[in-house]
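For reference, the structure is listed below as structure tokens.
The values are calculated or read from the model by the stated rules, or taken from the named source; none is laboratory data. Predicted model only: the values in this text are computed from it and were never measured. Quick reminder, even Gly has a Cβ in these numbers, built from the backbone with ideal geometry, and neighbours come from all protein chains shown.
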Amino acid sequence: MDVNGPSAAAVIGTEFTLIGVAAALIGARIYLRLVIQDLPLITSDILVCVAWVFTVASASYDIVFHKMGVLHSHVAYTLEGYDGTPEDVELVWKLQWSGQFPFFTAFYLCKATLLSLYARFFPIFMETRRKILW
């Protein structure tokens, strides 16, 4: 491995492998709830599905960056070493800016999923535990 970190292919492969594992676990959870237990979906089920969609959108930016040549090990995060045209540099900066939205949306939806799941574990009458949770 290079001192600058793993290759772009390794990063993208790892991202989508983890996304696939998450999809399998989410699918098992939905299957358990809908088919085996015959229960309706709860808030945390819907939130985790939406978070997964935003995670795929966030990881897809890396594919675009790889195709543009930004993910090479010699290119810094400030785009030093990037040999694109000024229009490409501007596009990369715009993509980096817009790529933050799906990333942080997925991040906070995962947190909301956990909080809604924990709120279900700790009912209303457990006031002290709910305050500690929040």
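Among the residues of segment 75-134, count how many are under 21 Å from Ser7 (Cα atoms), small (Gly, Ala, Ser) and either at pLDDT 90 or above or touching an Asp or Glu at 6+ places or on another chain (Cβ under 6 Å) (or both).
Going through segment 75-134 one residue at a time, the tally reaches 1.
Is it the case, given these coordinates, that Cys110 is under 25 Å from the mean Cα position of the chain (by Cα), without any contact (Cβ under 8 Å) to a residue 24 or more places away in the chain, surrounded by 16 or more Cβ atoms within 10 Å (Cβ to Cβ) and not in a loop (DSSP other than H, G, I, E, B)?
Answer is no for this residue.
Are there any pairs, at least 6 apart or on different chains, whose C-beta atoms fall under 6 Å, with the first in segment 78-94 and in contact (Cβ under 8 Å) with a residue 40 or more places away in the chain and surrounded by 11 or more Cβ atoms within 10 Å (Cβ to Cβ) and the second aromatic (Phe, Trp, Tyr) and not in a helix (DSSP H, G or I), and if so, which?
Cβ pairs passing all conditions: none.
Quick one: what pairs do we get from segment 4-33, first residue in contact (Cβ under 8 Å) with a residue 24 or more places away in the chain, second assigned to a helix (DSSP H, G or I) and among the aliphatic types (A, V, I, L, M), C-beta under 7 Å, 6+ apart or different chains?
That search, which allows pairs on different chains as well, returns Ile12/Ile63; Glu15/Ala59; Phe16/Ala59; Ile19/Val56; Ile19/Ala59; Ile26/Val48.
Inspect segment 79-87 for any residue being of a type outside the set (Gly, Ala, Ser) and assigned to a helix (DSSP H, G or I) and give the result as yes or no.
Within segment 79-87, one or more residues are of a type outside the set (Gly, Ala, Ser) and assigned to a helix (DSSP H, G or I).
Could you list, in sequence order, the residues of segment 1-49 that are among the hydrophobic types (A, V, I, L, M, F, W, C), closer than 19 Å to Ala112 by Cβ and more than 17 Å from the chain's Cα centre (by Cα)?
Answer for segment 1-49, where residues must be among the hydrophobic types (A, V, I, L, M, F, W, C), closer than 19 Å to Ala112 by Cβ and more than 17 Å from the chain's Cα centre (by Cα): Ile30, Leu41, Ile42.
Would you please name the residue that is nearest to the chain's Cα centre (by Cα), looking only at residues in segment 54-74 that are more than 14 Å from Ser98 (Cβ to Cβ), in contact (Cβ under 8 Å) with a residue 40 or more places away in the chain and surrounded by fewer than 17 Cβ atoms within 10 Å (Cβ to Cβ)?
Ile63
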